[in-house]
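Before any comments, here is the structure.
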Amino acid sequence: MARSFFFTQLRAAVFRRRSRAIAAALAVAVGTTTLTALTSVALDLHDQLARQLRAYGANLVVTAEAGRLDAAQVAAADTALADAELVGQAVYRYENAQLNWQPVELLATDVTAALSVRPYWDISGELPGANEVLLGRDVAELTDTGVGDEITLLPLDSTALTGVPVRVAGILVSGGAEDAQIVANPATAVELFGQPDAVDLIEYSVVGDPQPLARALQQQGVQAAVVKRLEGSQAQVQQALGALLWLVAALVLTLMLLCVATTTLALVAQRQGEIALRKALGASDQAVRREILAESVTLGVLGGVVGAGLGLGLAALANQQVFGHPLAPQWLLLPAALVVAAGVTAVAAWPPVQRARRVNPAIVLSGE
Amino acid sequence: MSLIELNGVAKAYGDLLALDDVSLSVAAGEWLSIMGPSGSGKTTLMNLIGALDTPTAGTVVLDGHDLSRASARELTQIRRQTIGLIFQKFHLIPQLTAIENVMVAQYYHSLTDRAEAFAALERVGLAERADHLPRQLSGGEQQRVCVARALINCPKLVLADEPTGNLDEENEAQVLRLFAELHQGGTTLIVVTHDPAVAALGGRTVKLSHGRIK
Ligand SMILES: Nc1ncnc2c1ncn2[C@@H]1O[C@H](COP(=O)(O)OP(=O)(O)O)[C@@H](O)[C@H]1O
Ligand SMILES: [Mg+2]
C-alpha cells in the first residue's frame, strides 16, 4: 500500500507537472542523443575508415591512351612487372550490354583477382562460377532481381530475341561505379561479344613505390597512373578523429550533467514549499531524498530512451551521408545509454537533494 | 494534565526577538485562541509548539517530549504522530488530487488507506470532489481538504494558523463547525485568528504583543 502510493506520487510528479518534467527529460534526451550518436560513430570509425581507405587497394593502373590495350601493350606491362612484388593484379574489360531492353555496362573480370585489388567489394551471395554474374546493387534494385534469379544478357546493339542466360550468384556493393554494372566472367563476355583478348584496364597492387614501374611503362606508350595510397596515414587519421569524438562526447556528458543538475535544482527550488509541507507532515529526510531521486531518475530514463533511439537513428543517417554506407545499429548502446542517463540524473540530483535536506519545515507556516 | 508546557521560551531571528520569555500551559482537550497584531510572534509560537522549529531559550514540552532537546529526526517523529496542521494558504500539493493530498499525510504517518481518506473527505463535505486537483477547487474547498488532511491521522493536537483568513462566510462557518466537532471529540485545538468572533469560540484566548503574552 505504502509502496504503491510512492508510485502514485511519482506518476503525479512526472505526468501532472508535465511542462517541468519535460524540461528535465529534454535535457537528458538531447544529451543522450548526442552521446549515442557520437559513440556509435566512434565505435564504427575504424571499420568505416578502413573501408574508405582500402578503396585504394590498387596503386598502379594501366590503360591505353585511346581505345583498348593491344596485345603488345599487355605484353609490355607483363614484362615490366615480371620482377615486381605484387599483392594483387586484375584485368578488366568493359562492354555495353542490355538487360530487359535497358542498357547496362558490363564489367568482365576474374572476380577473385579483382578482389585482390578491390578489397572493398562487398558481395552478398557467392562468387560467380560459370554462366553466373554479380549484379551491382543499383542494377539489382532497378530490375528487382535477387540472388539465384536467372537473367538474360544481350550486347547493346543486338536485335536478337534470345540472349545468353546467366544466373545471379551475388549482389555487389562497392560504393563506386560497379554498383551500376554487371560483373561477369571473361568467358561470358567472350560468349556475348567475342574478342577473347580484349583488355581495357589492368590494375596492380604493387608492394613498394610503383613510380619507377609507371615511368618504364609510359616509355612504351602505355598509360600508367600511380594511385597514392593512404594506408600509412590511416592509423593517424583514425586516432585523431577518434580522440576528437571522445573529447566531444566527454564535453557533452559534462554539459548534460550541468544542464540536468540546474534543471533539477530549479525544480527543487520551485517546490521548496511543497518539500517543507511534506516535512511538516512528518516526511523524513530519507523519504524526501528517495522521492527526488526517483523523480529525476525516472525523467532521466524517459529522456534516455528517447535520446538513445534518436541517437542511433542520427548516427545511421550521418554515416549514410558521410560514408555512403549504412551503419549497423549497435543495440548494446541502448541499455548503455539508459544506464548513463540514469547515472547522470542520479549524480545531478545530488545538489538538489542536499538543498532539499536543508529546507526548514517551519517556512510552510511562516511562508512567503 | 497539560498537553503543552512552555517555560520561559524565547526565539530570536538574528537580532530580532520574535518571542520573549513566553510561558504557557495548554490542557489536553482545550480549545485555545491566539490573537495579536501582525508580527507579534503568533506564527513563531505555532512553529515551536508544532515541533517545526526549536526555541533559542526555554523549554517546550509536548505530550511529554522535551522539544527543545529533541533532534531533527525526533521532531519529525513527533510531528508525524501528534500534530495536525491547518494553514491560511492551504498548502495542498498541486499535482495531487484532493484524496491523494489527504493520503500524503497517511503515507508519512503509517499506511495509506484510500477508503479512510475518502471518509475524511466525506466528513468535510467533499466526497464528490475527491479526484479533483487543487486548482479545480475553490478556496473554501481547498481549506476543507487541508482540514481533512490534518485530522486523518487523529492527531492529539490540531494547530490552525489563521485558518479562516482567506475564506468567505459560508466556508468559514463550515470550517468552524468542523473545529467544534474535533473539540467535542477531545482533540486539543490551537487557533490563531484576527477575528474576535472566531477567537470567542475557544475556551481561552491568549494575546501576544511584541513577542510577549499580555
Ligand atoms: N524566519 C524568520 N527569519 C527572520 N525573521 C522572522 C522569521 N520568521 C518570523 N520573523 C519575524 O519575527 C516576528 C514575528 O513573526 P511571526 O511569528 O510570523 O508573526 P505573526 O505570525 O504574529 O504575524 C516578525 O517580526 C517577523 O518578521
Ligand atoms: Mg503569522
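Could you pull out the pairs from B:Lys42/B:Lys214; B:Lys42/B:Lys89; A:Lys279/B:Lys207 whose alpha carbons sit more than 24 Å apart here?
From the list (B:Lys42/B:Lys214; B:Lys42/B:Lys89; A:Lys279/B:Lys207), the Cα-Cα distance tops 24 Å for A:Lys279/B:Lys207.
Taking every residue in B:43-53 and counting other chain Cβ atoms within 10 Å of its Cβ, the average works out to 4. A full extension of the chain between B:Arg69 and B:Ser209 corresponds to an added length of 47.7 nm, given 0.36 nm per residue minus the alpha carbon distance. Normalising the average separation of contacting C-alpha pairs (under 8 angstrom, six or more residues apart) by the number of residues puts the relative contact order of chain A at 28 percent.
For chain B, relative contact order (Cα pairs under 8 Å, six or more residues apart, normalised by length) works out to 30 percent. For the range B:72-180, the C-alpha radius of gyration sits at 0.99 times the compact-globule guess of 2.2 N^0.38 Å, with N the residue count. Calculated on the Cα set of chain B, radius of gyration then Dmax: 16.8, 50 Å.
Considering every residue in A:279-291, what mean count of other chain Cβ atoms within 10 Å of its Cβ is obtained?
Counting other chains' Cβ atoms within 10 Å and averaging over A:279-291 gives 6.
Here the range B:1-114 is treated as a Stokes sphere of Kirkwood radius computed over C-alpha pairs; at 4 °C and 1.567 mPa s its diffusion coefficient rounds to 83 µm²/s.
Averaging 1/r over each pair of different alpha-carbon atoms in the range A:215-337 and inverting the result gives 19.8 Å, the Kirkwood hydrodynamic radius. Rounded to two decimals, the Cα radius of gyration of the range A:165-268 over 2.2 N^0.38 Å is 2.08. Peptide packing: for A:240-253, B:151-164, the average count of neighbouring Cβ atoms within 10 Å per residue gives the ranking B:151-164, A:240-253, highest mean first. Annotation: the antiparallel percentage among DSSP beta bridges lying fully within chain B is about 50. The sum of -39500 (n - 2.57) across all DSSP H runs of n ≥ 4, divided by the residue count of the protein assembly as shown, sets its helix-only mean residue ellipticity at 222 nm to -15500 deg cm²/dmol.
Across A:Gly282, A:Gly175, A:Gly136, mean-square fluctuation computed from a Gaussian network of chain A (C-alpha pairs under 10 Å connected) peaks at A:Gly282. Note on the range A:246-295: Cα convex hull, mean projected area over all directions, 3.9 nm².
Out of every Cα-Cα pair that the range B:158-213 contains, those further apart than 12 angstrom amount to 69 percent. Our analysis of the range A:1-151 gives Rg over Rh at 1.31, with the two radii drawn from alpha carbon positions and Rh computed by the Kirkwood formula.
For the range A:173-264, applying the loop criterion from DSSP together with a ceiling of 10 other beta carbons within 10 Å to the GluC sites (Glu not before Pro) yields no site.
Give the angle, between 0 and 90 degrees and rounded to the nearest 10, that separates the Cα long axis of helix A:285-323 from the longest principal axis of the Cα atoms of chain A. It works out to around 20 degrees. Surface composition of the protein assembly as shown: carbon and sulfur make up 57 percent of the accessible area, probe 1.4 Å. With the simple model of a label 7 Å out from the Cα in the direction of the Cβ, A:Thr162 to B:Ala180 spans 11.3 nm. Counting every alpha-carbon pair across the range A:111-223, the share separated by more than 25 Å comes to 33%.
A Gaussian network model of chain A, with springs between Cα atoms under 10 Å, assigns the largest mean-square fluctuation among A:Gln102, A:Gln238, A:Gln272 to A:Gln102.
Relative to the dominant Cα principal axis of chain A, helix A:71-80 is inclined by about 60°. In this entry, the protein assembly as shown is assigned a mean projected area of 39.8 nm², taken as a quarter of its C-alpha convex hull surface.
The values are calculated or read from the model by the stated rules, or taken from the named source; none is laboratory data. Just so it is clear, the model here is predicted, and its values are computed rather than measured. Note that each Cβ is placed from the backbone with ideal geometry, even for glycine, and that neighbours are counted across all protein chains shown. The area values use the complete protein model at the heavy-atom level, side chains included, leaving out ligands, DNA and RNA. Shrake-Rupley method; radii C 1.70, N 1.55, O 1.52, S 1.80 Å.
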